[in-house]
Every structure is written in structure tokens, then in C-alpha cells.
Amino acid sequence: MRKVFYEVLAAVMLLGSLGFFYQCIRFLARRDYVAATLLMFVGFAVIRAGAELARMALIERQ
């Protein structure tokens, strides 16, 4: 059960990071570079957390 939870949460986080990058591009279009940079860092942090959860799902599988 834990494996499924980790897999679903990892997928949600990886797909959710796309929302941060979409907002980043919108801020870049408005030339708000500070906000875009901050959102980019948050997006990368969410991707990294999702990758760690995916790794935990692989460990749980074995």
C-alpha cells in the first residue's frame, strides 16, 4: 500500500511542478524576473522531492 501511495504522490508532484514552470513563463512574459526566478527554484525543488518519492517507491517495490 505504501508503494502505491509513493508512486501516486511522486506523479502528482512531478506533474504539479509543471504548474510552477507555467507560472514562471507567465511572469517572464510580464518581465517580472525576480518572481520568475523564485518560481523556478520552487519548481526545481518540487521536481527533486517528486524524484525522491519515486525512488522510495522503487525501494518499496523490492
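Bear in mind that the values in this text are calculations on the coordinates, not laboratory data. The structure displayed is predicted, hence computed values, not measured ones. Quick reminder, even Gly has a Cβ in these numbers, built from the backbone with ideal geometry, and neighbours come from all protein chains shown.
Those residues that are in a helix (DSSP H, G or I) and among the acidic types (Asp, Glu), I need them from the stretch 31-58; list them, please. Before the answer, list the steps.
Step one: filter the stretch 31-58 for residues in a helix (DSSP H, G or I), giving 33-58.
The one that is in a helix (DSSP H, G or I) and among the acidic types (Asp, Glu): GLU52.
Let me confirm something: among LEU28, LEU14, which residue is surrounded by 15 or more Cβ atoms within 10 Å (Cβ to Cβ), in a helix (DSSP H, G or I), out of contact with any strand residue (DSSP E or B) (no Cβ under 7 Å at 6 or more places or on another chain) and free of Cβ contacts under 8 Å to residues at least 12 places away in the same chain? Spell out how you get there, then give the answer.
Details: LEU14 fails: free of Cβ contacts under 8 Å to residues at least 12 places away in the same chain.
Just a single option satisfies the conditions, and that option is LEU28.
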